[in-house]
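Asks: Take this structure, written in structure tokens, and hold onto it; I'll ask about it next.
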Amino acid sequence: MSALGIIGGTGVDQLEGLAIDREHDLDTRFGAPSRPIQEGRVADRQVFFLQRHGSPRAIPPHRINYRANLQALHTLGVRQVVGINAVGGISSEMQPGRLVIPDQLIDYTWGREHTFDDGSAGSLLHIDFTDPYDLGLRLALLDAADRAGIGYEPSGVHGIVQGPRLETAAEVRRMAVDGCDIVGMTGMPEAALARELGIAYASVCMVVNLAAGLGDVPLSLPMMQEILRREAAVVRALLETLLRA
Ligand code: HPA
């Protein structure tokens, strides 16, 4: 089976159960990835792990070098990537503590380096992005969640905002009208860049709060972190099950 790349988000700094064999300190024509990429094995499967916010540095969502991250994984031979994202819940099923495997996204980000197409290839790169997440990888994640006895939402629309601030209540209401179920800051341009490189990409989203204006307590980082700590352990179990398939 081919190597799996895992791009960890907030709260997922490492993969327990991953015996790290080496670190790849790569440079790409877009610069260096967020941190050296760890290579290891889970069962017989080769795994490449990258923390997109860097570690111990914390690169904010709008400053992540998404192109370097995807290019470096591609250079290492990775053709399947699971991205882990912390998100806020918008629709009623998306309660804190829930895992979501989104099937659609809406991109509200701006000003990020969002394509490998700099015009120099002499041809235009209009990728088909009708279904932004890879169906085969999504189904493998759903199957792994079932086998591990982990509850999840099997679909959802992931709205990706610029950040780093959280949203206003009106922005969240507008996103709900647009059809967004969850809101996060790091899902794009990661998904589109993966598609440009021919990498099968899926996302596992951890709902860590109700989106702005939907809860009756103010949003606070410690509250999100506590839920994140618990959910990150569940995500690790999910990935281990996926890798041991
Ligand atoms: N909004 C945007 N990004 C997030 C949120 C949120 O409410 N929670 C975690 N990441």
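The values are calculated or read from the model by the stated rules, or taken from the named source; none is laboratory data. Note that the structure is a prediction, hence the values are computed from the model and not measured. Backbone-built Cβ (ideal geometry, glycine too); neighbour counts: all protein chains shown.
Asks: Quick check: is even one residue across the stretch 220-234 of a type outside the set (Lys, Arg), within 14 Å of the ligand (Cβ to nearest atom), closer than 24 Å to Val78 by Cα and part of a helix (DSSP H, G or I)?
Replies: yes
Asks: Test Glu23 against the stated conditions and say whether it is charged (D, E, K, R), assigned to a strand (DSSP E or B) and touching a residue at least 24 places away in the same chain (Cβ under 8 Å).
Replies: So Glu23 fails the test.
Asks: Can you tell me which of (1) closer than 16 Å to Gly156 by Cβ; (2) out of contact with any strand residue (DSSP E or B) (no Cβ under 6 Å at 6 or more places or on another chain); (3) of a type in the set (A, V, I, L, M, F, W, C) is the one Ala212 doesn't meet?
Replies: Failed condition: (1).
Asks: Please go through the stretch 67-88 and pick out each residue that is within 16 Å of the ligand (Cβ to nearest atom) and aliphatic (A, V, I, L, M). Step through it out loud before you land on a result.
Replies: Of the stretch 67-88, the ones within 16 Å of the ligand (Cβ to nearest atom) are 83-88.
Listed by number, the residues that qualify are Ile84, Ala86, Val87.
Asks: Any residue at all in the stretch 108-126 that is closer than 14 Å to Gly184 by Cβ, in contact with a Gly (Cβ under 9 Å, 6 or more places away or on another chain) and either without any contact (Cβ under 8 Å) to a residue 40 or more places away in the chain or not in a loop (DSSP other than H, G, I, E, B) (or both)?
Replies: For the stretch 108-126, residues closer than 14 Å to Gly184 by Cβ, in contact with a Gly (Cβ under 9 Å, 6 or more places away or on another chain) and either without any contact (Cβ under 8 Å) to a residue 40 or more places away in the chain or not in a loop (DSSP other than H, G, I, E, B) (or both): absent.
Asks: Follow-up. As an exercise: evaluate Asp117 against (1) farther than 26 Å from Gly198 by Cβ; (2) in contact with a Leu (Cβ under 7 Å, 6 or more places away or on another chain) and give the number of the one condition it does not meet.
Replies: (1)
Asks: Could you tell me whether the stretch 193-214 includes any residue that is in a helix (DSSP H, G or I) and either modelled with pLDDT under 95 or small (Gly, Ala, Ser) (or both)?
Replies: Yes, because at least one residue in the stretch 193-214 is in a helix (DSSP H, G or I) and either modelled with pLDDT under 95 or small (Gly, Ala, Ser) (or both).
Asks: Name the residues in the stretch 99-115 that are closer than 27 Å to Arg229 by Cα and surrounded by fewer than 17 Cβ atoms within 10 Å (Cβ to Cβ), would you?
Replies: Gln104 - this is the single residue of the stretch 99-115 that is closer than 27 Å to Arg229 by Cα and surrounded by fewer than 17 Cβ atoms within 10 Å (Cβ to Cβ).
Asks: Which count do you get for residues in the stretch 149-190 that are away from the ligand (no atom under 13 Å from the Cβ) and crowded, with 17+ Cβ neighbours inside 10 Å?
Replies: 6
Asks: Another question about this same structure. If we scan the stretch 57-67, do we find a residue that is closer than 23 Å to His158 by Cβ, assigned to a strand (DSSP E or B) and touching a Ser or Thr at 6+ places or on another chain (Cβ under 8 Å)?
Replies: Looking through the stretch 57-67, none of the residues is closer than 23 Å to His158 by Cβ, assigned to a strand (DSSP E or B) and touching a Ser or Thr at 6+ places or on another chain (Cβ under 8 Å).
Asks: Can you work out which of the residues in the stretch 198-212 that are β-branched (Val, Ile, Thr) and either free of Cβ contacts under 8 Å to residues at least 12 places away in the same chain or in contact with a Lys or Arg (Cβ under 9 Å, 6 or more places away or on another chain) (or both) is farthest from the ligand (Cβ to nearest atom)? Spell out how you get there, then give the answer.
Replies: From the stretch 198-212, those β-branched (Val, Ile, Thr) are 199, 204, 207-208; that's our starting set.
Remaining after also requiring either free of Cβ contacts under 8 Å to residues at least 12 places away in the same chain or in contact with a Lys or Arg (Cβ under 9 Å, 6 or more places away or on another chain) (or both): 199, 207.
Working: Ile199: 23, Val207: 8 Å.
Per the stated criteria, the residue is Ile199.
Asks: For the stretch 98-107, which positions are more than 13 Å from the ligand (Cβ to nearest atom) and part of a loop (DSSP other than H, G, I, E, B)?
Replies: Ile101, Pro102, Asp103
Asks: While we're here: For the stretch 127-138, which positions are surrounded by fewer than 14 Cβ atoms within 10 Å (Cβ to Cβ), within 17 Å of the chain's Cα centre (by Cα) and either at pLDDT below 95 or assigned to a loop (DSSP other than H, G, I, E, B) (or both)?
Replies: The answer is Phe129, Asp131.
Asks: Taking the condition over 17 Å from Ile90 (Cβ atoms) and surrounded by fewer than 19 Cβ atoms within 10 Å (Cβ to Cβ), does Asp216 pass?
Replies: Considered against the rule, which asks whether it is over 17 Å from Ile90 (Cβ atoms) and surrounded by fewer than 19 Cβ atoms within 10 Å (Cβ to Cβ), Asp216 comes out as no.
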